[in-house]
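The values are calculated or read from the model by the stated rules, or taken from the named source; none is laboratory data. Predicted model only: the values in this text are computed from it and were never measured. Here the Cβ positions follow ideal geometry from the backbone for every residue, glycine too, while neighbour counts run over all protein chains shown. For the accessible areas, the whole protein counts, side chains as well, though only heavy atoms, and no ligand, DNA or RNA atoms are used. Shrake-Rupley method; radii C 1.70, N 1.55, O 1.52, S 1.80 Å.
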Amino acid sequence: MLEALLSLRGIFKHYGPVHALDGVDFDLFPGEIIGLVGDNGAGKSTLIKVMSGAVVPDGGAILFEGKPVVLRSPQDARAIGIETVYQDLAVVPWLDVEANLFLGREMTGNRWWNRWFLDKRAMRREAAHHIASLQVGLKSVRQPVGLLSGGQRQSVAVARAISWGRKVVIMDEPTAALGVREARGVLDLIKRVKERGLAVVLISHNLPHVFEVTDRIFVLRQGTEAGTLVTGETHVTDVVSLITGVKVSAAVA
Amino acid sequence: MAVSTTRESRAAGLRRLLEEAVLVPWAGVLLGLIGVCIVVAAISPYFLTVDNILGNVALYFSWFAIAGFGEALVMIGGGLDLSVGSIMGLSGMVSALVLASGMPLWLALIAGLAVGAFAGAVNGFAVTRIGLNPFIATLATLGVFRGMAYGIVLGAAVTPPNNAAGKAFTALGGALGVVPVPVIVMVVLAVGMYVALAHTPFGRHVYALGGNEAATRLLGLNINRLKMILYVLSGLTAAVGGILLTARAGTALPDAAEGYELGVIAGVIIGGVSLTGGQGTIPGVLIGAALLGVINNGIVLAGLAGYWQQLIIGLVIAAAAGLDVFRQRLAYLRSG
Ligand SMILES: Nc1ncnc2c1ncn2[C@@H]1O[C@H](COP(=O)(O)OP(=O)(O)OP(=O)(O)O)[C@@H](O)[C@H]1O
Ligand SMILES: [Mg+2]
């Protein structure tokens, strides 16, 4: 049996009377894409924020590669190789693509006289390399991100997570608010992440997208697990009934 | 895939070029500055003399530019510092007081700068720890710091003593050859600030903070520390300006630099710093302040009454702010 890369055990998070997460167990295996679905307010964003260090749970444990870890901030998660694309798009519109890709991790010179200064040439080279290898359709890494289309901008956010993520990339609704063609680009990008051997957690309300790219589907309902399904052995209606809780599905694993 | 014809791509290329010209934050201001210079030179042949350009125009706008550098950092970071005029007055006053008590020059300078840095830290504390809106926080400290400048001397003027330290102090308001010392300080600060903003990770973080604060926090940057640094730097540059202003005047008045925050912020906005944060450059701030200086000089040379200055500068600020809005629209920002 393969060991889980990231495991959550009995995670609780309450906002006052709201039980955003009510004892959730979650496993992510190396190299898989898992879809995280559920109704609005089911707790999806809260759950991935727990995984990415942006929210500290009230109770429960997090295991990474079998060892307990405490994630107090996004930096903690990043330090162990977990990168996140947040629902509320985390790019800075007036900075260019290169600056956004390297934000918070800028490269500086390596001589005594330039070690405090940005090595823009090296960053542009690296950024162009990442963008090209991910086949994001961008003419130049020197365009301000605010001038890009929604899909390109989302691609930049995804590319940033992929190029820094060493183990896990988490994406919160990366295709929301995108046109058909742009969503396609981002989905292709997600498949390429998997080819790199990274594990992916994908939140989406778009079930066709989830069925297209995921290996398993984890359904959250009102802060608890409603079921986990193997994508290839599941029909959309099974997922829908788990999400809504209207009809109990036979396919619950 | 879009089929692109030569004509289409040429039109698109032209549009790109135009867009980029408007997006270079200080291109428009530079054109404005050149235009105003031509007008003023036509009004008076005295305008384009070395004495006038350095001794009047550059000296006049050096205070606004020096304090403007720190103000620009705060504003690019999405904040605002209304207290710069009061900090200028207070730090100049403290330097003069230290000299008047017989202390050496270096101690007077350090005391003045320390007061500026401390005042900036108070602003930073109010914004980051208490969570006050920057407008409210620095509007309050504008009053507090000005009150302190009056309070510590009970409203009197303080003149540096006629000893070596006092003379060295007033020399800071003088000139090296034809170049006024404040102008030299302004140029040195401009270079340092430009490098910090355009070529260091710190500079990028300032733009990120003003451009998308939530994203900057999620990316793991320490927002509060960054804001604190910005307000302290603003206090420091205001103190430099205030000390030089006092040195130039030869005496510290409690109402020195009163209302200067308007000129400082005007220069910064004219120079292309966005009111909504995330944008702006140091060369732009320098050009913006220079534009104010030339307009002021032109009004004097044309023999117009002083109130024209307020009217004209008001119009220029409105034009600059309008250009800012136009630039935002042009960039059709749709990010959330
Ligand atoms: N910071 C917060 N403060 C208070 N309540 C919160 C906070 N964050 C989330 N909640 C609440 O927790 C519950 C779960 O929210 P969450 O954002 O995780 O849902 P979601 O599944 O991501 O929904 P959506 O599909 O709309 O993005 C909701 O009831 C929400 O109102
Ligand atoms: Mg959500």
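Structural remarks
- Residue that is touching a residue at least 24 places away in the same chain (Cβ under 8 Å), away from ligand 1 (no atom under 16 Å from the Cβ), within 18 Å of the chain's Cα centre (by Cα) and open to solvent by less than 10 Å² (accessible area, probe 1.4 Å), where the choices are A:LEU47, A:LEU28: A:LEU28
- Any hit, segment B:4-19, residues being surrounded by 12 or more Cβ atoms within 10 Å (Cβ to Cβ) and at pLDDT below 95: yes
- Hey, A:ARG115 assigned to a loop (DSSP other than H, G, I, E, B) and either away from ligand 1 (no atom under 16 Å from the Cβ) or more than 17 Å from B:THR200 (Cβ to Cβ) (or both) or not: yes
- Test: A:ASP76 is at the interface with chain B (Cβ under 10 Å from one of its Cβ atoms), more than 16 Å from ligand 2 (Cβ to nearest atom), modelled with pLDDT under 95 and within 18 Å of the chain's Cα centre (by Cα): yes
Conditions (1) more than 16 Å from ligand 2 (Cβ to nearest atom); (2) surrounded by fewer than 23 Cβ atoms within 10 Å (Cβ to Cβ), marked per residue:
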| site | (1), (2) |
| --- | --- |
| A:GLU173 | no, yes |
| A:VAL180 | yes, yes |
| A:ALA183 | yes, yes |
| A:LEU187 | yes, yes |
| A:GLU195 | yes, yes |
| A:LEU202 | no, no |
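- Residue pairs meeting the criteria (Cβ under 9 Å; at least 6 apart or on separate chains; first away from every other protein chain (no Cβ under 14 Å) and within 14 Å of A:VAL236 (Cβ to Cβ), in segment A:198-224; second open to solvent by 50 Å² or more (accessible area, probe 1.4 Å) and within 16 Å of ligand 2 (Cβ to nearest atom)): A:HIS205/A:ASP39; A:HIS205/A:ASN40
- Checking A:VAL24 against (1) over 30 Å from B:GLY280 (Cα atoms); (2) out of contact with any Ser or Thr (no Cβ under 7 Å at 6 or more places or on another chain); (3) of a type outside the set (Ser, Thr, Tyr), the condition it does not meet: (2)
- In this structure, A:LEU36 does satisfy being more than 8 Å from ligand 1 (Cβ to nearest atom), within 20 Å of the chain's Cα centre (by Cα) and open to solvent by less than 10 Å² (accessible area, probe 1.4 Å).
- Taken over segment A:137-171, the criterion of being surrounded by 21 or more Cβ atoms within 10 Å (Cβ to Cβ) and more than 13 Å from chain B (Cβ to nearest Cβ) is satisfied by A:VAL141, A:SER155, A:VAL158, A:ALA159, A:ILE162, A:GLY165, A:VAL168, A:VAL169, A:MET171.
- The one condition in (1) open to solvent by 10 Å² or more (accessible area, probe 1.4 Å); (2) in contact (Cβ under 8 Å) with a residue 24 or more places away in the chain that A:PRO74 fails to fulfil: (2)
- Positions within segment A:54-82 being touching a Pro at 6+ places or on another chain (Cβ under 8 Å) and more than 15 Å from ligand 1 (Cβ to nearest atom), in sequence order: A:ALA61, A:ILE62
- Among the residues examined, B:PHE118 qualifies as within 19 Å of the chain's Cα centre (by Cα), open to solvent by 50 Å² or more (accessible area, probe 1.4 Å) and within 29 Å of B:GLY288 (Cα to Cα).
- Number of residues in segment A:50-66 that are outside any loop (DSSP other than H, G, I, E, B) and either away from ligand 2 (no atom under 16 Å from the Cβ) or open to solvent by 40 Å² or more (accessible area, probe 1.4 Å) (or both) equals 6.
- Figure legend. Inter-residue proximity from segment A:169-187: first residues closer than 13 Å to A:GLN152 by Cα, second residues assigned to a strand (DSSP E or B) and within 16 Å of ligand 2 (Cβ to nearest atom), beta-carbon distance below 7 Å, spacing 6+ or different chains. Indicated pairs: A:PRO174/A:VAL85.
Rundown of residues vs (1) touching a residue at least 60 places away in the same chain (Cβ under 8 Å); (2) under 30 Å from B:GLY271 (Cα atoms); (3) buried (at least 21 other Cβ atoms within 10 Å of the Cβ), yes/no style:
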position	(1), (2), (3)
B:ALA65	yes, yes, yes
B:GLY92	yes, yes, yes
B:THR128	yes, yes, no
B:VAL153	yes, no, no
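- Residue under evaluation A:ALA20, criteria (1) within 11 Å of ligand 2 (Cβ to nearest atom); (2) out of contact with any helix residue (DSSP H, G or I) (no Cβ under 7 Å at 6 or more places or on another chain); (3) more than 18 Å from A:VAL168 (Cα to Cα), criterion not met: (2)
- Lone unmet requirement of (1) at pLDDT 95 or above; (2) more than 22 Å from B:PHE61 (Cα to Cα); (3) open to solvent by 10 Å² or more (accessible area, probe 1.4 Å) for B:LEU142: (2)
- Residue list for segment B:158-174, filter: open to solvent by 60 Å² or more (accessible area, probe 1.4 Å) and either touching a residue at least 24 places away in the same chain (Cβ under 8 Å) or part of a helix (DSSP H, G or I) (or both): B:THR159, B:ALA164, B:LYS167
- Hits in segment B:205-215 - residues which are open to solvent by less than 20 Å² (accessible area, probe 1.4 Å) and either at the interface with chain A (Cβ under 7 Å from one of its Cβ atoms) or outside any helix (DSSP H, G or I) (or both): B:ALA208, B:ALA215
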